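Peer 1: One structure, as structure tokens, below. Some questions next.
Rule-based calculations on the coordinates, nothing more; no lab input. Note that the structure is a prediction, hence the values are computed from the model and not measured. Here the Cβ positions follow ideal geometry from the backbone for every residue, glycine too, while neighbour counts run over all protein chains shown.
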Amino acid sequence: MAFFRLSDLDVRGKRVFIRADLNVPQDDSGAITDDTRIRASVPGIRDALDRGAAVMVTSHLGRPTEGQWSEADSMAPVARRLGELLGRDVPLVRDWVGGGAWHAALKAGDVVLLENCRFNKGEKKNDEALARGMAALTDIYVNDAFGTAHRAEATTEGIARFAPVACAGPLVAAELDALTRALAQPKRPLIAIVAGSKVSTKLTALRALAAKVDGLIVGGGIANTFILAEGGHIGKSLAEPDLVGEARAILDTYPGKVPVPVDAVCAKEFSATARPELKAIENVEPDDMILDIGPHSVALLKSMLAQAGTIVWNGPVGVFEFDAFAGGTKAVAEAIAASGAYTIAGGGDTVAAINKFGIADRISYISTAGGAFLEFLEGKTLPAIAALEARAEA
Ligand code: ADP
Ligand code: MG
């Protein structure tokens with residue numbers, strides 16, 4: 001995979017436009033509750049500044065109505081936090097697409113935050129005139145937002161086609177290096193774990209993934225759909241009945257590749273205080289909810305993971321937020337950490353589980369992205385990355 005990297009370009013005296021992912025969670029008062037993404041974006045910004053660029057940074061935040069500024073989706077809190085992290089004032093610029101006085105005044109060593117890119121009409125539809133207007137602001141476009149790379153929007157894809165130079169920032173470059181290493185020529189066996197609650201989006205990715213891997217571990221609502229496909233009972237568990245046929249097709253096409261759980265930890269209600277009941281799948285009752293995999297299933301997965309050369313992990317195999325149903329995810333996490341494999345994990349809740357079980361430093365690479373991560377695993381072309389590659393060929 002060939003693309004230009006910010007670290008390889010001479011940025012001195014140049015205008016640099018960085019599309020970052022600063023989409024942080026906020027509480028009702030607008031206060032930032034987790035600044036991980038802002039902190040993660042600092043190295044790219046600082047690198048460009050330290051090497052004498054004039055830096056503009058933008059991101060989306062929340063889901064504003066396009067064409068309309070709103071206080072609730074303003075990046076003002078992000079500008080303040082970024083300023084604290086950089087140790088300097090970071091002015092926030094509104095209505096920035098056409099340039100103007102702020103742009104004329106921008107000089108080497110300056111940094112500004114450009115207000116929520118989704119305030120601009122046409123951002124999500126990747127409007128060409130908008131993308132050209134953005135591209136006209138800069139000498140170098142930097143994509144450092146892997147989490148949105150699967151979406152073709154004006155700040156992720158269009159601008160990359162029209163800016164004089166387009167390159168990957170350090171986060172995107174690291175992400176692509178790690179994913180390529182895991183998937184281009186993986187050390188085998190390659191085992192993927194796909195679990196969690198986003199059943200339909202994830203299940204539809206599985207067929208393409210199953211073709212690439214040597215073993216596919218399913219968990220959570222995805223596993224429940226596979227149990228249904230095998231004719232088993234899941235009571236009132238999370239599943240996608242519409243995709244039972246798809247699950248069946250995967251089992252038939254790849255016999256032996258996809259182990260389906262044989263036992264489960266069930267509950268009568270979805271709550272932290274629910275009483276856990278260990279059951280073989282054939283004993284699951286109509287009013288049961290499967291909230292975790294059981295010890296026989298765990299043992300099987302552990303033996304698969306122990307032999308793996310490469311492991312990619314997206315999605316907790318149980319409701320790990322409730323201690324009584326965290327055992328399966330904890331065991332899987334520890335088996336991944338203990339394996340000698342090259343290991344890569346991604347997804348918001350997956351990362352939360354990794355942190356909860358304290359294994360972050362024993363995972364080879366932790367991806368910040370969820371959707372983009374899965375689409376890359378599936379072998380889909382990520383439009384924002386394709387745009388960078390096209391510019392490196394030209
Ligand atoms: P990620 O954010 O890592 O991509 P998802 O968002 O798809 O993962 O799913 C994470 C959620 O899935 C967790 O909150 C977890 O509680 C839930 N989950 C896992 N197993 C089950 C299950 N059997 N039933 C209901 N929810 C589950
Ligand atoms: Mg999630």
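Peer 1: Quick one: of the DSSP bridges fully inside the chain, what percent are antiparallel, nearest 5?
Peer 2: That works out to approximately 20 percent antiparallel.
Peer 1: Still on this structure, please answer the following. Find, among the trypsin sites (Lys or Arg not before Pro) in segment 244-313, those assigned to loop by DSSP (not H, G, I, E, B) with at most 14 other beta-carbon atoms within 10 angstrom. Provide the component values of the computation, followed by the final result.
Peer 2: Numbers: sites: R248, K257, K268, K279, K302; in loops: K257, K268.
Loop-located and lightly packed - K268.
Peer 1: If you count, for each residue, the other Cβ atoms within 10 Å and average over each peptide, how do 207-214, 314-321, 64-71, 28-35 line up from highest to lowest? Show your work: numbers first, answer last.
Peer 2: Numbers: 207-214: 17.5, 314-321: 25.9, 64-71: 12.4, 28-35: 10.8.
Put in order of decreasing packing, that is 314-321, 207-214, 64-71, 28-35.
Peer 1: Which ³J(HN,Hα) values in Hz, rounded to whole numbers, follow from the phi angles of segment 190-196 under the Karplus curve 6.51 cos²θ - 1.76 cosθ + 1.60, where θ = phi - 60° and Gly and Pro get x?
Peer 2: 9, 10, 10, 10, 10, 8, x
Peer 1: Oh, and also: Please give the peptides 176-189, 287-300, 95-108 ranked by average Cβ packing (other Cβ atoms within 10 Å per residue), highest first, as a rough proxy for protection.
Peer 2: On the way: 176-189: 16.3, 287-300: 20.8, 95-108: 13.6.
So the peptides 176-189, 287-300, 95-108, ranked by packing, come out 287-300, 176-189, 95-108.
Peer 1: To the nearest 20 debye, what is the magnitude of the charge dipole of segment 233-353 about its Cα centre, counting +1 on the Cβ of each Lys and Arg and -1 on the Cβ of each Asp and Glu?
Peer 2: Details: 8 positive and 16 negative charges, 80 e Å.
Dipole of segment 233-353, to the nearest 20 debye: 380 debye.
Peer 1: Expressed in whole Å with the largest first, what are the equivalent ellipsoid semi-axes of the chain derived from the C-alpha gyration tensor as the square root of 5 times each eigenvalue? Working shown, then result.
Peer 2: Details: eigenvalues 351, 95, 69 Å².
Computed over the chain, the values are 42, 22, 19 Å.
Peer 1: Please list, ordered by chain and number, the residues whose modelled amide H lies under 5 Å from the amide H of N120; skip anything fewer than 5 residues away on the same chain.
Peer 2: Under 5 Å from the amide H of N120: G67.
Peer 1: Which residue, chosen from S197, N355, N224, occupies the Cα position most advanced towards the positive end of the dipole of the chain, where the dipole is computed from +1 (Lys, Arg) and -1 (Asp, Glu) charges on Cβ about the Cα centre?
Peer 2: N355
Peer 1: Averaged across orientations, what area in nm² does the convex hull of the alpha carbons in segment 141-214 project?
Peer 2: Details: hull surface 24.9 nm².
Averaging across all directions leaves 6.2 nm² for the Cα convex hull.
Peer 1: On alpha carbon coordinates alone, what is the Rg over Rh value for segment 318-370, Rh being the Kirkwood radius?
Peer 2: On the way: Rg = 10.5 Å, Rh = 11.1 Å.
The Rg/Rh ratio comes out at 0.95.
Peer 1: Let me ask another. Apply 1/(1 + (r/R0)^6) to the Cβ-Cβ distance of R12 and L278, taking R0 = 45 Å, and write down the FRET efficiency to the nearest 0.05.
Peer 2: 0.10
Peer 1: So, in nm, how far is label A392 from label A40 when the simple model puts each one 7 Å beyond its Cα toward the Cβ?
Peer 2: Using points 7 Å along Cα→Cβ, the separation is 2.0 nm.
Peer 1: Please give the length that would be gained between N355 and R188 if that part of the chain were fully extended, namely 0.36 nm times their separation in residues minus their C-alpha to C-alpha distance (nm, one decimal). Please report the intermediate quantities before stating the final value.
Peer 2: On the way: separation 167, 0.36 × 167 = 60.12 nm, distance 2.67 nm.
Contour length minus Cα-Cα distance gives 57.4 nm.
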